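Asker: My questions will all concern the structure given below.
The values are calculated or read from the model by the stated rules, or taken from the named source; none is laboratory data. Quick caveat: nothing in here was measured; it's all calculated off a predicted structure. For neighbour counting, all protein chains shown are included, and Cβ atoms are generated from backbone atoms with ideal geometry for every residue, glycine included. Remember, those area values only see protein heavy atoms, side chains included, never the ligands or the DNA or RNA. Shrake-Rupley method; radii C 1.70, N 1.55, O 1.52, S 1.80 Å.
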Amino acid sequence: RKSDVVGRYGGEEFAVIFTDTEAPRALAVMEKLCRDFAALEHESERGSFRVTFSAGIATLTGGRSSRDLVVAADRALYEAKRQGRNRVVLAPAE
């Protein structure tokens, strides 16, 4: 999707901004990315391996500030990790 913005947010964290996208569509896109990424086989000197990622999604609605958005997405990410990783969790709407 050419309208999306992806960038490194921290050490191993990335942020994805879906413009003009409702939460269910953002969730579907990230879940597909999660599945497709987990299916990739990587090669190294020690042989092949696979990796996964977890994601937290939050929506910018109502009076939610950009800081609130980051905090909500981060909480959703940690919930995804708590649930066993390799998954996407949508933060509750405010």
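Asker: What's the ranking of 13-25, 78-90, 32-44 by average number of surrounding C-beta atoms within 10 Å, highest first?
Answerer: So the peptides 13-25, 78-90, 32-44, ranked by packing, come out 78-90, 13-25, 32-44.
Asker: Search the structure for amide H atoms under 5 Å from the amide H of L90, placed 1.01 Å from N in the peptide plane, and list their residues when 5 or more places away or on another chain.
Answerer: Hits under the 5 Å cutoff: I57.
Asker: For the chain, with all protein chains present and a 1.4 Å probe, just round the carbon and sulfur fraction of the accessible area to a whole percent.
Answerer: Carbon and sulfur atoms account for 52 percent of the accessible area of the chain.
Asker: In addition: May I ask you to evaluate 6.51 cos²θ - 1.76 cosθ + 1.60, the Karplus curve with θ = phi - 60°, for each residue of the range 28-41 and list the ³J(HN,Hα) values in order in whole Hz, giving x for glycine and proline?
Answerer: Working through the residues one at a time gives 4, 5, 5, 5, 5, 4, 4, 5, 5, 5, 5, 7, 5, 9 Hz.
Asker: Continuing with this model, one more query. Tell me, what ³J(HN,Hα) does each residue in the range 62-79 have, in order and in whole Hz, if you take phi through Karplus 6.51 cos²θ - 1.76 cosθ + 1.60 with θ = phi - 60° and put x for Gly and Pro?
Answerer: The phi angles translate into x, x, 5, 7, 4, 5, 4, 4, 5, 4, 5, 5, 5, 5, 5, 4, 5, 5 Hz.
Asker: Show the residues, 5+ positions off or on another chain, whose built amide H is closer than 5 Å to the amide H of Y9.
Answerer: F14, A15
Asker: Can you work out the Karplus-derived ³J(HN,Hα) for every residue in the range 47-57? Use 6.51 cos²θ - 1.76 cosθ + 1.60 with θ = phi - 60°, whole Hz, and x for glycine or proline.
Answerer: x, 8, 7, 10, 9, 10, 9, 10, 9, x, 10
Asker: Sticking with this one: In the calculated pair distance distribution of the chain, what percentage of Cα-Cα distances lie above 23 Å?
Answerer: Summing the P(r) of the chain above 23 Å gives 26 percent of all pairs.
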